[in-house]
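Here is the structure we will look at, set down as structure tokens.
The values are calculated or read from the model by the stated rules, or taken from the named source; none is laboratory data. What you see is a predicted model; the values in this text were computed from it and never measured. Ideal geometry is used to build each Cβ from the backbone, glycine not excepted, and the neighbour counts take in all protein chains shown. Surface areas here come from the heavy atoms of the whole protein model, side chains and all, with no ligands, DNA or RNA. Shrake-Rupley method; radii C 1.70, N 1.55, O 1.52, S 1.80 Å.
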Amino acid sequence: MFYKLTLTNFRQHRDREVEFGPGLVALRGANEIGKSGIFESLAYALFGVDALREPLADVVTWGEKETSLKVVLDWTVNTASIQIRRSKSGAEI
């Protein structure tokens with residue numbers, strides 16, 4: 001189960017931390033607030049640049065360097081805690 005997502009310069013999310021509670025989670029909000037970006041960042045954390053709709057350079061927050069983009073996903077599988085860190089330089093698990 002995903003429990004925390006930390007975004008740095010991913011689309012309009014300059015510095016965002018999202019915590020997911022147990023059970024079904026729904027994201028809702030006004031248009032252009034970043035809901036799709038949250039889902040896309042999850043896919044990027046798990047699958048890399050192949051999961052992005054655009055090149056990585058177009059996903060970085062406007063005006064920021066491509067090397068500043070970072071996505072960290074914390075989740076649990078059974079009793080194991082896993083953290084995936086992904087940026088332009090690659091991924092760490």
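Step by step: first the residues of the range 68-93, then only those that are outside any strand (DSSP E or B) and hydroxyl-bearing (Ser, Thr, Tyr), then the one that is farthest from the chain's Cα centre (by Cα). Which residue is that?
Only one residue fits best here, namely THR79.
Looking only at the range 27-38, which residues are farther than 15 Å from ASN9 by Cα and among the hydrophobic types (A, V, I, L, M, F, W, C)?
Hits for the range 27-38 are LEU27, ALA30.
When the residues of the range 6-29 are filtered to those that are among the hydrophobic types (A, V, I, L, M, F, W, C) and farther than 23 Å from GLU64 by Cβ, which remaining residue is surrounded by the most Cβ atoms within 10 Å (Cβ to Cβ)?
In this case the residue turns out to be PHE20.
Please work out which residue is most open to solvent (accessible area, probe 1.4 Å), limiting yourself to the range 48-64 and to residues that are on the phi < 0 side of the Ramachandran plot and touching a residue at least 40 places away in the same chain (Cβ under 8 Å).
Only one residue fits best here, namely GLU64.
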